[in-house]
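Below: the structure, in structure tokens.
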Amino acid sequence: MDTNPWNIKRLKEGDRWYFLLKSPIRQLGGLGKFYEYKNLTANEAWKEFGQRNGCVDKAQFIDRIQTYIDKNSESFGGKSIDINTYEIGCIVLVNCQYWDEEKYLRPEDFQIDFATQVVKYKYFDQYDPFEIQIDSSNNFDLVNEPREVYKREVNQRKGQSEFKGKILKAYKNKCCITGETCPELLEAAHLQSYLTESSNHIQNGILLRVDLHRLYDSGLLFIDSSFIVHISSLIQSTTYQQYNEQRITLPDNPNFYPSKESLELKRPNFRQ
């Protein structure tokens, strides 16, 4: 969201959009894939995107717009905006990743110079000097760590946002069981429980609707090494039983298929 419409025209769907952190850091802290740009009233933007605008509620969202305008706009500063008519520019991204600090990229390391006054965006027309691709050359190996390391790392969850971004992309932003696409309802589920950052391999994850993720972690849902879903008999509702013995939707790229070894780790805990 930007409170001064940019009317972006040169980007096409799928282009990478990197996040440049503000001075004095001035490093790249993540990326997303450009989906579309649209101008919406503040009210429309909240209705369409809700907390995906980066605010906990509508009041905070409007307050941030007002604060920005008061600071930066000569035309509207000091005036209360009409949320039904005041337009803001909305840059819609998908498959966003937010990197841990040790993975930030320094533009100067790529012979790229961002002037300090660049506060909106900068195009790279010929090539992407920062291109980072998912490493699909190696298969996932189960992580073996002492339990005390597990307790420490599970609280840190390093790389979790980057992991989710990769899983979202691999599964085309759809729950692999239901096909649900609402972003607020989708979660990247670890197959082998998170132990260290090595657990964030794309083959150690699947994309699930939030309620199915809870069932999966509690042993009421199991996916076998043939990618078939099993729903516990303890769940009587047809809402969930309709997915019993259904095959999950797999990524287009076989290198991103879930690890069969990781899937089978859940079998002993499945509450048939």
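Every read-out reported here was derived from the displayed coordinates using simple, explicitly stated rules and does not represent laboratory data. None of these values were measured; they are calculated from a predicted model. Cβ sites come from the backbone with ideal geometry, for glycine too, and all protein chains shown count toward neighbours.
Using the Cα centre of region 159-236 as the reference point, and only Cβ charges (+1 on K/R, -1 on D/E), how large is the resulting charge dipole? Debye, rounded to the nearest 20. Working shown, then result.
Numbers: 7 positive and 8 negative charges, 46 e Å.
Dipole magnitude for region 159-236 comes out near 220 debye.
Calculate the all-directions average of the projected area of region 147-269's alpha-carbon convex hull, and give it in nm².
Values: hull surface 30.0 nm².
Hull-based average projected area comes out at 7.5 nm².
Order the peptides 70-81, 185-196 from the highest to the lowest mean number of other Cβ atoms within 10 Å of their residues.
On the way: 70-81: 11.8, 185-196: 19.9.
My ranking of the peptides, most packed first, is 185-196, 70-81.
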>> Rounding to the nearest 10 and keeping the result within 0 to 90°, find how far the Cα-based axis of helix 160-170 lies from the longest principal axis of the chain.
In response: 80 degrees
> By how many degrees, between 0 and 90 and to the nearest 10, does the Cα long axis of helix 147-156 differ from the longest principal axis of the chain?
Replying inline: 30 degrees
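Using 18 Å as the Cα-Cα cut-off, could you pick out the over-long pairs in LYS12/LYS38; LYS166/LYS266; LYS33/LYS166; LYS22/LYS122; LYS47/LYS122; LYS58/LYS158? Mind dumping the intermediate values first?
Values: LYS12/LYS38 13 Å; LYS166/LYS266 22 Å; LYS33/LYS166 11 Å; LYS22/LYS122 14 Å; LYS47/LYS122 29 Å; LYS58/LYS158 30 Å.
As for pairs spanning more than 18 Å Cα to Cα, those are LYS166/LYS266; LYS47/LYS122; LYS58/LYS158.
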> Given H placed 1.01 Å from N in the peptide plane, which residues other than close sequence neighbours of GLU36 have an amide H under 5 Å from its amide H?
Replying inline: VAL92
